[in-house]
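The values are calculated or read from the model by the stated rules, or taken from the named source; none is laboratory data. Here the structure is a predicted model, which means the values were calculated and not measured. Note that each Cβ is placed from the backbone with ideal geometry, even for glycine, and that neighbours are counted across all protein chains shown. All accessible areas refer to the heavy atoms of the entire protein, side chains included, with ligands and DNA or RNA removed. Shrake-Rupley method; radii C 1.70, N 1.55, O 1.52, S 1.80 Å.
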Amino acid sequence: MAVVLRFPGVARDSPAAPSVGAGSRLGREPYFACAAATARPGGRCLRRRGLVVRCQSGAAVLKKGAASVAAEKAATGFTVVMKFGGSSVASAERMREVADLILSFPEETPVIVLSAMGKTTNNLLLAGEKAVSCGASNASEIPELAVIKELHIRTIDELGLDRSIVSGLLDELEQLLKGVAMMKELTPRTRDYLVSFGECMSTRIFAAYLNKLGKKARQYDAFDIGFITTDDFTNADILEATYPSVAKRLQGDWIDDPAIPIVTGFLGKGWKSCAITTLGRGGSDLTATTIGKALGLREIQVWKDVDGVLTCDPNIYANAIPVPYLTFEEAAELAYFGAQVLHPQSMRPAREGGIPVRVKNSYNRRAPGTVITKTRDLSKSILTSIVLKSNITMLDIVSTRMLGQYGFLAKVFSIFEDLGISVDCVATSEVSISLTLDPSKLWCRELIQQELDHVVEELEKIAFVHLLQHRSIISLIGNVQRSSLILEKVVLLTETLLGHIVEGYVYLQSSIVFTTLNLVCHASNHLHLLLYARRSMFYGEMVSTSR
Ligand SMILES: Nc1ncnc2c1ncn2[C@@H]1O[C@H](COP(=O)(O)OP(=O)(O)O)[C@@H](O)[C@H]1O
Ligand SMILES: N[C@@H](CC(=O)OP(=O)(O)O)C(=O)O
């Protein structure tokens, strides 16, 4: 269900009447293409594992069926995936702490997924941007390169490891930056190769450290173990073929020679290009849930620097508190609408595999965190979370034809499809559509303004078009059974703030379980609106604590 409320008296150019109609958010749908067989540089291992797998399948499986599969699974032993984000492994001290944390669960046989150390991904991106214009002879002097080198070498020294673990990668990184400086160009493909150094180094260091502690560990580059993706550099989607490939590789290696896998988060391999791809910022969460599903694990743990998913971004509202339970849909919705804490696509594999996701704090192990599962008791819940998404572009599209015209919506969406632009929120009537464009999709493109102009030009052939940029959406995610109460309060709120902050309309989108109310405002007002909504609308009764 999608509803758009419009408030009379608010100055707007597009002459749409209040409307109620069917509509849907057109998010990124999974791209289930069948990837080509994975050409893996580690061919030696594959052949070795191939023998093992052939021995164990075939006749034995035919005889024992499901029981033998279960036995084989048990033999591989993995129980959980534990993902540690950049803040959890930002220094030697943090790596020690994480190693200690892992070892404090001796009953678990985990697969570990790591992000790049601290702000390394940002520094790599900055170094790349600077390399474009600094001149080849200056590329070695880029300050961010020095910061990256210093951090990794200091960490290795402090952990008492051998510098050779990363020295080859650091040399390669410097060469790459010189290449970018020479070409004066940083393509999305090169950008992905560039940022991959972060995860490749953190995992090598951590695996070496665990080995030094006597806990046998083996480092893996995700792009070498079957993480097969689309070729959408900087924002690739994981393809179905990934699941069996990753399971085969990790289980095969475990059977051959048990060692805790330490896998690079965030990275994959384009199925056509065979080049390194990345899964979008924060993509290590998706790596973790993909491994969880591939191996059919008991639980997926994502360890962060906060006590779980909070009711609001703690950078905006310091007193935000953890939400103990969420459904996959709620978590995906709040990630999609901008809560930076989880990657928007990361809930999909967990939901498909029916595997609970636990969001925990590596700085505060005792905090219970947030458990994300298929269902929960929503009877006492009104609102789960408030999320801010900024840098939104909105389009109001009103048909130039009369009421009753058919095919209008189809024409509008075919324009977006032809131009390859993702639509985010949608609200429709028979003759008008209000929609927002997905900033993450626009962001990684180079000709943003030209593209937008082109969309508008195409749409103007069939409609009056009003383009609003630099908007924010405040999303209130709550219990669908309390939608009318939430809506009632939002109407009161928007009436109070009409013409000041809220730009005159509210999107309401509902699934069977939860409802999302999206208030659109100018970016300059978003903090004000968010805090106002939080403080005055639900009088503290909003937070759900029930399972
Ligand atoms: N609703 C929210 N709940 C928790 N954290 C949030 C929320 N919205 C934004 N954040 C931010 O997300 C950060 C954690 O996500 P992220 O930086 O990706 O962690 P990591 O790098 O450890 O995986 C927190 O430090 C917090 O600043
Ligand atoms: N290092 C990547 C991937 C990632 O998931 O990082 P983190 O877990 O620190 O959000 C990034 O910064 O986007």
Of everything in region 132-145, what is of a type in the set (A, V, I, L, M, F, W, C) and either open to solvent by less than 20 Å² (accessible area, probe 1.4 Å) or more than 29 Å from the chain's Cα centre (by Cα) (or both)? Give them in sequence order. CYS134, ALA136, ALA139, ILE142, LEU145
Run down LYS389, LYS360 and say which single residue is over 23 Å from ASP424 (Cα atoms), open to solvent by 10 Å² or more (accessible area, probe 1.4 Å), assigned to a strand (DSSP E or B) and of a type outside the set (Gly, Ala, Ser). LYS360
Starting from region 450-467, take each residue that is surrounded by fewer than 18 Cβ atoms within 10 Å (Cβ to Cβ) and list its partners that are part of a strand (DSSP E or B) and at pLDDT 90 or above, counting only C-beta distances under 6 angstrom and pairs at least six apart or across chains. VAL456/VAL465
Note on THR155: of the conditions (1) over 25 Å from PRO110 (Cα atoms); (2) among the polar types (S, T, N, Q); (3) assigned to a helix (DSSP H, G or I), unmet is (1)
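Please pick out the residue among GLY226, GLY214 that is open to solvent by 10 Å² or more (accessible area, probe 1.4 Å), in the same structural domain as ILE291 (by TED's automatic domain parsing) and at positive phi.
GLY214
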Of the numbered conditions (1) more than 8 Å from ligand 1 (Cβ to nearest atom); (2) β-branched (Val, Ile, Thr); (3) within 25 Å of CYS425 (Cα to Cα), THR311 satisfies every one except a single condition; which is it? (1)
Yes or no: region 496-510 includes at least one residue that is modelled with pLDDT under 75, of a type in the set (Phe, Trp, Tyr) and surrounded by 17 or more Cβ atoms within 10 Å (Cβ to Cβ). yes
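Is there a residue in region 110-119 that is assigned by TED's automatic domain parsing to the domain that holds ARG218, of a type in the set (S, T, N, Q), closer than 25 Å to LYS269 by Cβ and surrounded by 16 or more Cβ atoms within 10 Å (Cβ to Cβ)?
Yes, that holds for at least one residue.
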Only unsatisfied item for SER346, checking (1) away from ligand 2 (no atom under 16 Å from the Cβ); (2) not assigned by TED's automatic domain parsing to the domain that holds ALA236, is (1)
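Take ARG204 and tell me if it is open to solvent by 20 Å² or more (accessible area, probe 1.4 Å), closer than 24 Å to LEU151 by Cα and within 12 Å of ligand 2 (Cβ to nearest atom). Before the answer, list the steps.
On the way: open to solvent by 20 Å² or more (accessible area, probe 1.4 Å): yes; closer than 24 Å to LEU151 by Cα: yes; within 12 Å of ligand 2 (Cβ to nearest atom): no.
Against the criterion (open to solvent by 20 Å² or more (accessible area, probe 1.4 Å), closer than 24 Å to LEU151 by Cα and within 12 Å of ligand 2 (Cβ to nearest atom)), ARG204 does not qualify.
Is it fair to say GLU129 is within 29 Å of the chain's Cα centre (by Cα), open to solvent by 50 Å² or more (accessible area, probe 1.4 Å) and more than 25 Å from ASP253 (Cβ to Cβ)?
Judged against the criteria, GLU129 is a match.
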Kindly indicate which of ILE372, ILE355 is in a strand (DSSP E or B), open to solvent by less than 10 Å² (accessible area, probe 1.4 Å), more than 30 Å from LEU468 (Cβ to Cβ) and of a type in the set (A, V, I, L, M). ILE372
Here the residues within region 325-345 that are more than 12 Å from ligand 1 (Cβ to nearest atom) and either surrounded by fewer than 18 Cβ atoms within 10 Å (Cβ to Cβ) or among the hydroxyl-bearing types (Ser, Thr, Tyr) (or both) are TYR325, THR327, TYR336
Which of (1) under 16 Å from the mean Cα position of the chain (by Cα); (2) under 19 Å from VAL89 (Cα atoms) does TYR363 not meet, given it meets every other one? (1)
Criterion (assigned by TED's automatic domain parsing to the domain that holds PRO261, away from ligand 2 (no atom under 14 Å from the Cβ), open to solvent by less than 10 Å² (accessible area, probe 1.4 Å) and over 17 Å from LEU388 (Cβ atoms)) met by exactly one of GLY280, GLY308, GLY292: GLY292
Specify which of the listed residues (LEU210, LEU194) is aliphatic (A, V, I, L, M), within 23 Å of ALA90 (Cβ to Cβ), within 23 Å of the chain's Cα centre (by Cα) and assigned to a helix (DSSP H, G or I). LEU194
